[in-house]
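Comments concern the structure below.
The values are calculated or read from the model by the stated rules, or taken from the named source; none is laboratory data. Not measured: the values here are computed from a predicted model. Positions of Cβ are backbone-derived with ideal geometry, glycine not excepted, and every protein chain shown enters the neighbour counts. We work out accessible area using only protein heavy atoms, side chains counted, and drop any ligands, DNA or RNA first. Shrake-Rupley method; radii C 1.70, N 1.55, O 1.52, S 1.80 Å.
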Amino acid sequence: MKIKKVLNNNVILAENENAQEVVVMGKGIAFQKKAGDEVEEGKIEKTFVMRSDELSSKLTELLSEISPETFRAADDIVQFAKGSLDAELSDNIYITLTDHINFAISRYEQGINMKNALLFEIKRFYPQEYRIGLKALGIIQERLGVLLGEDEAGFITLHIVNSRQDGQQMRTTFQMTRIVQDILNIVTYHYGMVLDETSLNYTRFVTHLQYFAQRMLIDEIVDSGDDFLYEQVQLKYPEAFKCVLKIDMYLQKTHQAQLTRDEQVYLTIHIYRVTS
């Protein structure tokens, strides 16, 4: 195997016996080496064969800019994820996850803490991947000596989710999150109050909104046609019902969807409870 390019003392770009371009890692593997030299087989720790020239080029560029330990941490996380999920992950995760970890470490060193607005949803919809995200924090601490926060576990989770499928599921999650947040904003502005996010009623409300948004996006909303209950909640909770009408207008305008009478009833009761 011959060296094509030296990236740093520990990482080289090489060509194997099958004329494939590979990224090779090993402590001191490129020390005093140059293009055209033979790779010292005894120093090889990791070899990566990327499935496309574009990915290989991106990984090569990234590895020339970061520490080998950052990439090793990312690789450890990927290997743990593959074993835990018993699933293939896209090669692209080596680039996206390594780049993210490098950026996260840089933010940490600058004292910048980036909040993950999707953390609640990530925990709920991707529990298995989130456990991997938490394990990743330990791997990063062991490899790089930095203990990142729970928000970063959420970000790492999304990288794993995105690498195991075509991205459609992640787009749905983002859509659901946006719908839930927009409805919460409508309630907040209608009542002119800050909702208590620690309350059980708030948790129930958000959970209901998540399932509603999921059903709406896959067009699985049904209506029982219970007019009596619909009329009763209008009379009993008039302010909450006004708020629901605003939500209905938002959904019609933004998502071309309309609340059924059943959903108006449920939302009215939830809104009354969460704002009382």
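Nearest 10 degrees, 0 to 90: what angle lies between the long axis of helix 168-191 and the longest principal axis of the chain (Cα atoms)? On a 0 to 90 degree scale, this one is about 40.
Computed extension gain for LEU147 through SER67, at 0.36 nm per residue and net of the alpha carbon distance, reaches 27.1 nm. Across the accessible surface of region 122-164, with the other protein chains kept in place and a 1.4 Å probe, carbon and sulfur atoms take up 45 percent.
You can think of it this way: the chain between LYS43 and LEU134 has 29.6 nm of extra reach, that is 0.36 nm per residue less the Cα-Cα gap. Relative protection proxy for 138-151, 184-197, from highest mean packing down: 138-151, 184-197 (other beta-carbon atoms within 10 angstrom).
Computed from Cα positions, the angle between helix 238-255 and the longest principal axis of the chain comes to roughly 50 degrees. Each label point was placed 7 Å from the Cα along the Cα-to-Cβ direction; for ASP227 and GLN258 their separation is 1.6 nm. Summed over qualifying helices (DSSP H, 4 residues or more, each -39500 (n - 2.57)) and divided by its residue number, the chain shows a 222 nm mean residue ellipticity of -20500 deg cm²/dmol.
Place +1 on the Cβ of every Lys and Arg and -1 on the Cβ of every Asp and Glu in region 1-110, take the dipole about the Cα centre, and give the residue among ILE66, ASN18, MET1 whose Cα lies farthest towards its positive end. Checking the options against the dipole of region 1-110, the answer is ILE66. Axis angle, to the nearest 10 degrees, between helix 200-217 and the longest C-alpha principal axis of the chain: 80 degrees. Considering only alpha-carbon pairs that sit under 8 angstrom and 6 or more positions apart, the relative contact order computed for the chain is 11 percent. Remark: the GLN175-ASP196 segment gains 5.2 nm on full extension, using 0.36 nm per residue and subtracting the alpha carbon distance. One entry in (i) 15.6; (ii) 26.2; (iii) 18.3 is mean projected area of the Cα convex hull in nm² calculated from the shown coordinates; its label is (iii).
Rolling a 1.4 Å probe over the heavy atoms of the protein chains gives region 88-197 an accessible area of 51 Å² per residue.
The order of the peptides 27-36, 98-107, 259-268 by mean Cβ neighbours within 10 Å, most packed first, is 259-268, 98-107, 27-36. Take the Cα of SER90, step 7 Å toward its Cβ, do the same at PHE31, and the gap between the two points is 3.9 nm.
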